[in-house]
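J.: Handing you a structure now.
A short reminder: the numbers here are calculations on the coordinates, not readings from a lab. Note that the coordinates shown come from a computational prediction; the quantities given were computed from them, not determined experimentally. Cβ: placed from backbone, ideal geometry, glycine included. Neighbour counts: every protein chain shown.
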Amino acid sequence: MFQNDDTTELTTKPKRSFYAARDLYKYRHQYPQNFKDLRYQNDLCNLRFYKNKIPFKPDGVYIEEVLNKWKGDYEKLEHNHTYIQWLFPLREQGLNFYAKELTTYEIEEFKKTKEAIRRFLLAYKMMLEFFGIKLIDKTGNVARAANCQERFQHLNESQHNYLRITRILKSLGELGYESFKSPLVKFILHEALVEDTIPNIKQSALEYFVYTIRDRRERRKLLRFAQQHYTPSEHFIWGPPRKQKLEGNKTGKKPTSPVSSHNSYISKHKKWRDSKNTSITGSSSSKTAEEKKVELSRHGEENEQFGTETNCEAARQSNSEKNSDTESQNSKSEEVLNLSDKKENIPHSKKDTGKDGENLSQDCGNPTVVEREPCDSENCSNNVSADVQDNLGKDKPPVESTIKNKDEIKS
């Protein structure tokens, strides 16, 4: 009956702690909410304690005495609950109200003081040995100590030491030893999940120890390691649940090859590009055709205007020349003084009129005008030729009268 109850307790699914998540979130983000860095309230008592200038309260023991006389005295380290807040100070209040909170200025001064840093590392080694662990190098790597079997058994039963480990990890990050935290947490997870030497610590390790690490990538590495070795695996609640559900859904669906998806994307892109190019070329060709039409219409209008103007001017010049010729011929017929001159002038006027008619027909036959409006040019030429014939018909009567006069004189 006892074994069955024990197994049912071990197989119950754990629950996340809201208090732990909130507390560690504040720590990782430098205490953003309701944190007041009041330097004047702190007289650097934590730094002076590590300089061996003042003892920790309320016991009145200096740091050198703790490091030399308390080292290896596991009974004193186990039952005394006032020294841990002085050995590993934080920017938050602990159970010992005589211990002062760290400030940002004090942290900066602490890191600059070699004496304080040296004693801080000695205090860390002392507490690791109390837990059955030893520091093996300057990078923070740890391993089992000589008394690990005894100390692991004690650590597995005394759960209040889990709070001490959480405080130690936080203080390492505050005082410049953030890199020391990940090796220690991984060692504890290995002993709890793989070696099963301290199985009771795995809840605190996953709920508190892992989340003291500020580097997100390091936290994920530790959580992956824990998920691989956690039993039962379905009770592991510290991974992202949404991702696990999505992976379960993906297994039911048929996997699509990345090559086909890539080819489909390329084909879509090509279609879009071709449609875009055709639209651009079509618009450009339509624009060029319209521009050509507009230019042709403009040139045609200009040619028409130029042709009509030239035709009108030619008609006006021919009319003026005809009028002058008719006047000269009338004057010559009235004088009747030199018949020989009259005979020479008459054919000369006929030749001029013929030349004028040819020029008019040439002007009226403008190719630009014929292409655009041929009817206007033909009417113009017909009108002009009719005018020339009328004028020539008017000129004939005086010529006949002059010939008759010549015959009378000869007779």
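J.: About the Cα centre of segment 18-229, how large is the charge dipole given +1 on each Lys and Arg Cβ and -1 on each Asp and Glu Cβ? Please answer in debye to the nearest 20. Before the final figure, lay out each step's value.
T.: Details: 37 positive and 27 negative charges, 157 e Å.
Approximately 760 debye in magnitude.
J.: While we're here: Under the rule of at least 5 residues apart or a separate chain, name every residue whose amide H is placed under 5 Å from the amide H of A143.
T.: The answer is K134, I136.
J.: Give or take rounding to whole Å, what are the principal axis extents of the alpha carbon atoms in segment 18-229, in descending order?
T.: Ordered largest first, segment 18-229 gives principal extents of 49, 39, 29 Å.
J.: Once the other residues with Cβ under 12 Å from the Cβ of L77 are scored (Lys, Arg +1; Asp, Glu -1), what is the net sum? Display every interim value, and only then the final one.
T.: Values: positive: K69, K71, K76, R151, R164; negative: D73, E75, E78, E129.
Taking every Cβ under 12 Å from that of L77, the sum is +1.
J.: Which net charge results when you count Lys and Arg as +1 and Asp and Glu as -1 among the other residues whose beta-carbon is under 10 Å from that of K51? Spell out each step's value before the answer.
T.: Details: positive: R48, K53, R119; negative: E115.
It works out to a net charge of +2.
J.: What distance in nm lies between label points placed 7 Å from Cα along the C-beta direction at R48 and Q30?
T.: Roughly 2.7 nm, to one decimal.
J.: Do any of K69/K181; K51/K112; K53/K181; K57/K114 go past 18 Å between their Cα atoms, and which? Spell out each step's value before the answer.
T.: Numbers: K69/K181 27 Å; K51/K112 12 Å; K53/K181 29 Å; K57/K114 24 Å.
Those over the limit are K69/K181; K53/K181; K57/K114.
J.: Using a 7 Å offset from the Cα along the Cα-to-Cβ direction at both D196 and N68, what is the distance between the two label points in nm, to one decimal?
T.: 4.6 nm
J.: Run the numbers for K221 and L121: contour at 0.36 nm per residue of separation, minus the present Cα-Cα distance, in nm.
T.: Details: separation 100, 0.36 × 100 = 36.00 nm, distance 2.60 nm.
Result: 33.4 nm gained on full extension.
J.: In addition: Translational D (Stokes-Einstein, µm²/s) of segment 127-225 at 37 °C and 0.692 mPa s when Rh comes from the Kirkwood sum over C-alpha pairs? Intermediate results must be reported in sequence, preceding the final value.
T.: Working: Rh = 13.4 Å.
Value of D from the Cα-based Kirkwood radius: 245 µm²/s.
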